[in-house]
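Quick notes on the structure that follows.
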Amino acid sequence: MQKSAYLVIMMVLVPLVILSGLMLMNVGPMRALAVLVGGIKLVASVHFLLACSLCAFLFTHVYLATLGSSPLAYFKPMLTGWEEVKHDHDEQERIFSCLHPCKIKRAAGRKSAARFRCTPLNRGPVHSP
């Protein structure tokens, strides 16, 4: 649904704003086309409504980009191309421990006292009794 919304914005809304703006800038040469679509007043009204929709789309995206942990948290990855991801240590331990056959016993004081065993055949975590 998000992709189709972007497709409508970029392939329908933006070209219509550009076309109606060109019709309003060059009224003399495009008078016949403006009369064909309903007159200058209609073209101006449609252009204004489309431009307002495009501005609302832009301002909404800028606002949503400021809702991270800090106001510039989502802008930094856009500019640098890198995003800092916070890892869950227990989940990371479980994933990396299954890269080779081994047995792991979690300490009883941790969140989960489950035991994981990695087997050479499937290399996936298997709960052991």
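Couple of notes before you dig in:
- Here's how it looks for residue 73: its modeled amide H is under 5 Å from those of 68, which are all 5 or more places away or on a different chain.
- Protein-only accessible surface at a 1.4 angstrom probe places the residues 9, 18, 40 in the order 18, 40, 9, largest first.
- With every protein chain in place and a 1.4 angstrom probe, the accessible-area ranking of 66, 80, largest first, reads 80, 66.
- Point-to-point label distance, residue 35-residue 52, nm (Cα→Cβ direction, 7 Å offset): 2.9
- Accessible area of residue 53 in the full protein assembly, 1.4 Å probe (Å², nearest 10): 60
- Rolled with a 1.4 Å probe across the full set of protein chains, the surface gives residue 74 an accessible area near 110 Å².
- Estimated distance in nm for a label pair at residue 78 and residue 63, the labels positioned 7 Å out from Cα along Cα-to-Cβ: 1.6
- Area accessible to solvent at residue 78, 1.4 Å probe radius, in Å²: 130
The values are calculated or read from the model by the stated rules, or taken from the named source; none is laboratory data. Keep in mind that this is a model prediction, so the values were computed, not measured. Heads up, the Cβs are rebuilt from the backbone with ideal geometry, glycines too, and the neighbour counts pull from every protein chain shown. Surface areas here come from the heavy atoms of the whole protein model, side chains and all, with no ligands, DNA or RNA. Shrake-Rupley method; radii C 1.70, N 1.55, O 1.52, S 1.80 Å.
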